[in-house]
1. Roughly how big is the A-B contact, given as buried accessible area in Å² (both sides, 1.4 Å probe, nearest 100)?
2. State, as an integer percentage, the relative contact order of chain B based on alpha-carbon contacts under 8 Å between residues 6 or more apart.
3. How large is ³J(HN,Hα), in whole Hz, for each residue of the range B:96-112 in order, when computed from phi with the Karplus curve 6.51 cos²θ - 1.76 cosθ + 1.60 and θ = phi - 60°, using x for Gly and Pro?
4. Rounded to the nearest percent, how much of the accessible area of the protein assembly as shown (1.4 Å probe, protein heavy atoms only) is carbon and sulfur?
5. Determine the calculated [θ] at 222 nm for the protein assembly as shown from helices alone, applying -39500 (n - 2.57) to every DSSP H run no shorter than 4 residues and normalising by the residue count; nearest 500 deg cm²/dmol.
6. Provide the convex hull volume over Cα atoms per residue for the protein assembly as shown, in Å³.
7. Give me the accessible area per residue for the protein assembly as shown, probe 1.4 Å, as a whole number in Å².
8. Applying 1/(1 + (r/R0)^6) with R0 = 25 Å to the Cβ-Cβ distance of B:W227 and A:L2, what FRET efficiency is obtained, to the nearest 0.05?
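The values are calculated or read from the model by the stated rules, or taken from the named source; none is laboratory data. Here the structure is a predicted model, which is why all the values come from computation and not from measurement. Here the Cβ positions follow ideal geometry from the backbone for every residue, glycine too, while neighbour counts run over all protein chains shown. Accessible surface areas use protein heavy atoms only, side chains included; no ligands, DNA or RNA. Shrake-Rupley method; radii C 1.70, N 1.55, O 1.52, S 1.80 Å.
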Amino acid sequence: MLLFLSVGIGNYLMRFLPLLWALRGAETEPGEPRDAASTKLGGLLPFVGMSVVGALLVTSVFPEVEDTAGAVRTATALLPTLAVAMRFGNLGLTVLVGVSAFWLVSLLV
Amino acid sequence: MRRAGHPRKRDGAAGGLRASVPIVVGYLPAAVAFGVAARGAGLSTVETVAMSLIVFSGASQFALAGLVAVGTSWLVIVAIGLVLGVRHILYGPSLAPLLGRMGAGRAATAAFGLTDEVFAVASTKLQRQWEPGTKFGWILGLGAGAYISWGVGTWIGAVAGTAVIGALPSLAPALSFALPALFVALLVSLVRSAGEAYQDVPGPVFGAVLAAVIVAAALYLVGFGSWSVPVAGVIGPVVAFLIGMGRLNAD
């Protein structure tokens with residue numbers, strides 16, 4: 001539970017503090033441009049998220065591909081998963097299609 | 001008669017709840033999948049629901065469940081959970097001009113529900129000209145709809161998901177694919193939104209993802225799996241930065 005609290009508080013502060021800072025900044029410095037450091041940090045942040053998620057995808061897939069059958073099941077299930085993610089962009093639907101595809105393939109392979 | 005697009009103050013929360021319907025539709029199956037995945041990772045029903053109510057961040061929660069399942073150290077789990085939430089830093093400053101004047105107490109309340117999807121809906125529907133009280137009620141309603149659906153979906157997945165696995169044992173290995181599937185969806189979403197932001201320079205986006213994937217795979221294969229994510233989270237942005245600098249110099 002302490003683990004959840006640590007991550008929960010950290011996540012909350014990352015939502016709250018920048019909002020509070022921006023709301024106060026908007027009141028005291030209207031129209032003031034952001035400083036260079038903030039702009040550079042803001043520019044790199046999207047790359048952190050996608051890099052971490054890409055790495056999580058790799059580490060979550062690897063335990064499934066330890067034998068040939070597992071590799072076939074995973075590779076086959078990834079195709080419709082990727083297609084649905086690209087076509088609809090809905091998290092829930094993508095997860096449902098992915099799990100269903102993996103289940104169907106595992107009945108055959 | 002009020003003009004279209006100018007809700008009354010008392011309509012704020014109700015309007016926010018109505019606006020949360022698309023989020024609820026997306027959240028319910030994902031939360032159910034999380035509930036099942038977390039139970040599969042060895043967490044109890046209470047721990048699973050508590051994680052959703054406390055953390056309220058899909059990517060961090062799936063990562064936490066996955067890392068707990070493979071016995072990663074506490075510090076690494078917290079670090080990864082926080083790294084995955086770093087993107088939230090951008091949401092407050094982006095919404096602040098739309099929210100206008102708002103006290104610290106109200107900002108503290110509104111910030112709790114500021115997930116990716118809540119931010120996306122708020123940034124497209126929140127109107128600058130609404131009254132301050134209406135804006136607060138609206139964003140509170142929006143966040144509440146998302147939060148309740150995430151909590152309820154998690155509970156359904158944690159409780160009913162286990163029963164379904166008991167009846168259909170062949171489903172259990174398939175449900176382990178919920179994590180990779182969610183990461184595929186998140187990765188596509190992140191790359192697409194970044195691709196729109198960096199239309200003229202897509203190289204850094206693909207460079208960051210490719211470098212992160214290669215580094216994570218290499219570290220996993222040599223037995224440093226628990227370090228693959230944090231290291232990739234640093235290498236990816238560095239590669240993106242270098243590609244961006246290289247293009248600037250070439251121009």
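1. Accessible area lost upon association: around 6700 Å².
2. Taking the mean separation of contacting Cα pairs over the length of chain B, I get 30 percent.
3. So the Karplus estimates, Gly and Pro as x, are 3, x, 6, 6, x, 6, 8, x, 4, x, 5, 4, 5, 6, 5, 5, 4 Hz.
4. Looking at the protein assembly as shown in its full context, I get 70 percent from C and S.
5. After summing the helix terms and dividing by the residues of the protein assembly as shown, the value is -27000 deg cm²/dmol.
6. So the per-residue Cα hull volume is 151 Å³.
7. 46
8. It comes to 0.65.
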